[in-house]
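Chemist: My structure is below; once you've seen it, I'll send some questions.
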There are 2 protein chains.
Amino acid sequence: MVFEQIELVEVGPRDGLQNEPDIIATDTKLALIGRMIDYGARRLEVASFVHPQRVPQMADAEAVIAGLPDRTDCTYIGLVLNKRGVLRALATREGGARGIDQVGCVVVASDTFGQKNQGQTIEQGIAETRAMLRFAREEGMRAQVTISAAFGCPFEGEVKHDTVLAIAEDLAAEAPEEIALADTIGVGTPWEAGELFGKLGALLGGKIPMRAHFHNTRGTGIANAWEAYKAGVRVFDASLGGLGGCPFAPRATGNIATEDLVYMMERSGVATGIDLEAAIAANKWFAGQLGRELPSAVARAA
Amino acid sequence: MVFEQIELVEVGPRDGLQNEPDIIATDTKLALIGRMIDYGARRLEVASFVHPQRVPQMADAEAVIAGLPDRTDCTYIGLVLNKRGVLRALATREGGARGIDQVGCVVVASDTFGQKNQGQTIEQGIAETRAMLRFAREEGMRAQVTISAAFGCPFEGEVKHDTVLAIAEDLAAEAPEEIALADTIGVGTPWEAGELFGKLGALLGGKIPMRAHFHNTRGTGIANAWEAYKAGVRVFDASLGGLGGCPFAPRATGNIATEDLVYMMERSGVATGIDLEAAIAANKWFAGQLGRELPSAVARAA
């Protein structure tokens, strides 16, 4: 047995819900976040500061954040795509409010995907994100960054490792709290996860922690997480039940499920801090709210 | 990239179908097997020789076998649980018929599970199986063996590695064509898959090939297959679409899906001999026959 520990970032409230077609009430989102904290999540991506017309499900970001439990042992993350998003994140703290603890920035590792998703080439994405990271630091806001489509692009197909590593090197110059690689469309394999995180770890030299964000769209998410773990990753995104579909594969599953990651890790001797039974109970409750079963294999087998 | 090759054993017609509640017509089974051969499967578990009252879905074993394409490039496997099963397998060749090429025997690595499933303790299972392996060899029938519940038992929980290895050592004395470890209830993790197959490989010393049989009940099946591959396994069971539920977890998924294994392996530079697009097409056709979607993540994302 190995005896290590990972940190799980519960991304259900943001990445998990953003593609849900029906708007979920703010109170339901807060109840969901409360259950996540109850099952042991201590770092949660709670909302994104994007234009409500682009992602209607996130239109109540400020209301969700205003209702978060005022806990000192939790880190609340808000996703930001531009400086305006950082300003909104900062505004959640005004008047002494609890607000957001950390912003998450994103650089897309594909010119075509980046232009469609955020109106930016890779180069523009790096420049804007470096400016955001600097601005956040000046304003006293913690910031991390994710390189998305790092394992493949829905438009361009293959994404070269050198492209991903060059982005990471540029971003590392701003000393973000963490650099994540995201398999946004779920095409990665464990072979590639081991390779790419191995190279990233060598590049970062232990100075900046790595984080992994996998989707289970093609059934490889848990395998990728294990290989990333073996390559030195100790922070993993996951969502309750595997919430979070892929807009490019509407019938496919989404993020790796919190329950599945926890089962695999804990049974391998790796502590996660998550109470699996409580997570499965939260899954059943939220599945009732949505009126459908969630993809998590562990929850279905329970 | 690694550049290797694996052999896939398509177990959909037997392990995949045996728990289907509605009896599938012999012609439909034969059409399914035909499509499997079309997508590249060259070794197929086509039936089991068990009592029709125990597994009604396999009552037409002889009829299925009589209808198999007479191909010299395919290996047809029939599962046998006792000497009577071997005799039935041998009978399929009578009168110069094509028949079965190989029998698959099973020893359960748990006294409780073995007694409930086959009325045998581990010790009795080993003795009976050794006798079956000898008898098959004397009769000119190829034979391999699977150690089931090798990663955990639904009744006893943990199964010790030493128990599994002791069974393997006893069976190796009969020189079966192959020794497989099966995670019958889908509880294994990639950590354990690497450990256990590493130990088995050391025990067998390359003299008897290893095979892996994983279920995806808790989302770890593909991760386990990759670790088993890295531990030296080159033969993998899989079923089209992930057919084959677990009777102990009725809502859970079954065998690892052929499509998911092929996607993961091929994208990692490991050849499988399977045409993925044709397998996905076969999935869609058979899902139509069953009237429900099959679990394969790759097919759902297609």
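Chemist: Mind checking which residues of segment B:233-244 are under 13 Å from the mean Cα position of the chain (by Cα) and within 12 Å of another protein chain (Cβ to nearest Cβ)?
Modeler: B:238, B:242, listed by residue number.
Chemist: Taking segment B:113-137 as the search range and keeping residues that are at pLDDT 95 or above and over 16 Å from residue B:80 (Cα atoms), which one is surrounded by the fewest Cβ atoms within 10 Å (Cβ to Cβ)?
Modeler: B:123
Chemist: Another question, then. Out of all the residues in segment A:158-172, is one or more surrounded by fewer than 18 Cβ atoms within 10 Å (Cβ to Cβ), free of Cβ contacts under 8 Å to residues at least 24 places away in the same chain and more than 25 Å from residue A:245 (Cα to Cα)?
Modeler: Yes; the residues of segment A:158-172 include at least one that is surrounded by fewer than 18 Cβ atoms within 10 Å (Cβ to Cβ), free of Cβ contacts under 8 Å to residues at least 24 places away in the same chain and more than 25 Å from residue A:245 (Cα to Cα).
Chemist: Same structure again: Among the residues of segment B:7-48, write down those that are part of a loop (DSSP other than H, G, I, E, B) and over 15 Å from the mean Cα position of the chain (by Cα). Even if it seems obvious, please write down each step before you answer.
Modeler: Going through segment B:7-48, the residues part of a loop (DSSP other than H, G, I, E, B) turn out to be B:11, B:17-25, B:39-42.
Passing the criteria: B:20, B:21, B:22, B:23, B:24, B:25, B:39, B:40.
Chemist: Taking residue B:299 as the residue in question, decide whether it is touching a helix residue (DSSP H, G or I) at 6+ places or on another chain (Cβ under 6 Å), surrounded by 24 or more Cβ atoms within 10 Å (Cβ to Cβ) and within 13 Å of chain A (Cβ to nearest Cβ). Spell out the reasoning first.
Modeler: Numbers: touching a helix residue (DSSP H, G or I) at 6+ places or on another chain (Cβ under 6 Å): yes; surrounded by 24 or more Cβ atoms within 10 Å (Cβ to Cβ): yes; within 13 Å of chain A (Cβ to nearest Cβ): yes.
The answer is yes for residue B:299.
Chemist: Could you please find all residues in segment A:38-54 being buried (at least 17 other Cβ atoms within 10 Å of the Cβ) and not basic (Lys, Arg)?
Modeler: A:39, A:40, A:41, A:44, A:45, A:46, A:47, A:48, A:49, A:50
Chemist: Can you name the residue in segment A:208-232 that is farther than 20 Å from residue A:106 by Cα and among the charged types (D, E, K, R) and is also farthest from the other protein chains (Cβ to nearest Cβ) among such residues?
Modeler: Restricting to residues being farther than 20 Å from residue A:106 by Cα and among the charged types (D, E, K, R), the top hit is A:230.
Chemist: Which condition number does residue A:273 fail, the rest of (1) within 13 Å of chain B (Cβ to nearest Cβ); (2) on the phi > 0 side of the Ramachandran plot; (3) under 18 Å from the mean Cα position of the chain (by Cα) being met?
Modeler: Of the numbered conditions (1) within 13 Å of chain B (Cβ to nearest Cβ); (2) on the phi > 0 side of the Ramachandran plot; (3) under 18 Å from the mean Cα position of the chain (by Cα), the odd one out for residue A:273 is (1).
Chemist: Is there a residue in segment B:284-292 that is over 19 Å from residue A:218 (Cα atoms), open to solvent by less than 10 Å² (accessible area, probe 1.4 Å) and aromatic (Phe, Trp, Tyr)?
Modeler: Within segment B:284-292, one or more residues are over 19 Å from residue A:218 (Cα atoms), open to solvent by less than 10 Å² (accessible area, probe 1.4 Å) and aromatic (Phe, Trp, Tyr).
Chemist: Sticking with this structure for a sec: Just to be sure I understand the filter: pairs with C-beta atoms under 6 Å, separated by 6 or more residues or on different chains, first member in segment B:6-33 and open to solvent by less than 30 Å² (accessible area, probe 1.4 Å), second member of a type in the set (Phe, Trp, Tyr). Which pairs pass?
Modeler: B:6/B:236; B:8/B:236; B:32/B:286
Chemist: Can you tell which of B:59, B:109, B:89, B:66 is open to solvent by less than 30 Å² (accessible area, probe 1.4 Å) and either closer than 28 Å to residue B:22 by Cβ or among the hydroxyl-bearing types (Ser, Thr, Tyr) (or both)?
Modeler: Selected residue: B:89, the only one of B:59, B:109, B:89, B:66 that is open to solvent by less than 30 Å² (accessible area, probe 1.4 Å) and either closer than 28 Å to residue B:22 by Cβ or among the hydroxyl-bearing types (Ser, Thr, Tyr) (or both).
Chemist: Please find, within segment A:167-190, the residue that is farthest from residue B:3 (Cα to Cα) out of those that are in contact with an Asp or Glu (Cβ under 9 Å, 6 or more places away or on another chain) and more than 13 Å from chain B (Cβ to nearest Cβ).
Modeler: Restricting to residues being in contact with an Asp or Glu (Cβ under 9 Å, 6 or more places away or on another chain) and more than 13 Å from chain B (Cβ to nearest Cβ), the top hit is A:180.
Chemist: Please verify whether segment B:217-226 includes one or more residues that are over 19 Å from residue B:270 (Cβ atoms) and open to solvent by 10 Å² or more (accessible area, probe 1.4 Å).
Modeler: Yes: one or more hits.
Chemist: Could you tell me whether any residue of segment B:94-105 is open to solvent by 40 Å² or more (accessible area, probe 1.4 Å), within 22 Å of residue B:53 (Cα to Cα) and not β-branched (Val, Ile, Thr)?
Modeler: For segment B:94-105, residues open to solvent by 40 Å² or more (accessible area, probe 1.4 Å), within 22 Å of residue B:53 (Cα to Cα) and not β-branched (Val, Ile, Thr): absent.
Chemist: From (1) free of Cβ contacts under 8 Å to residues at least 60 places away in the same chain; (2) over 19 Å from residue B:4 (Cα atoms); (3) assigned to a loop (DSSP other than H, G, I, E, B), pick out the condition that doesn't hold for residue B:193.
Modeler: (3)
Chemist: So for segment B:248-268 (the condition being open to solvent by 10 Å² or more (accessible area, probe 1.4 Å), more than 11 Å from chain A (Cβ to nearest Cβ), out of contact with any strand residue (DSSP E or B) (no Cβ under 8 Å at 6 or more places or on another chain) and touching a residue at least 60 places away in the same chain (Cβ under 8 Å)), does at least one residue qualify?
Modeler: no
Chemist: I've got another one for you. Would a scan of segment B:194-203 turn up a residue that is open to solvent by less than 30 Å² (accessible area, probe 1.4 Å) and at the interface with chain A (Cβ under 10 Å from one of its Cβ atoms)?
Modeler: Quick first cut of segment B:194-203, residues open to solvent by less than 30 Å² (accessible area, probe 1.4 Å) only: B:194, B:196-197, B:200-201.
Still in the running and at the interface with chain A (Cβ under 10 Å from one of its Cβ atoms): B:194.
Yes, the conditions are met somewhere in segment B:194-203.
The values are calculated or read from the model by the stated rules, or taken from the named source; none is laboratory data. What you see is a predicted model; the values in this text were computed from it and never measured. Heads up, the Cβs are rebuilt from the backbone with ideal geometry, glycines too, and the neighbour counts pull from every protein chain shown. Side chains are part of the model used for accessible areas, which takes the heavy atoms of the whole protein and leaves out ligands, DNA and RNA. Shrake-Rupley method; radii C 1.70, N 1.55, O 1.52, S 1.80 Å.
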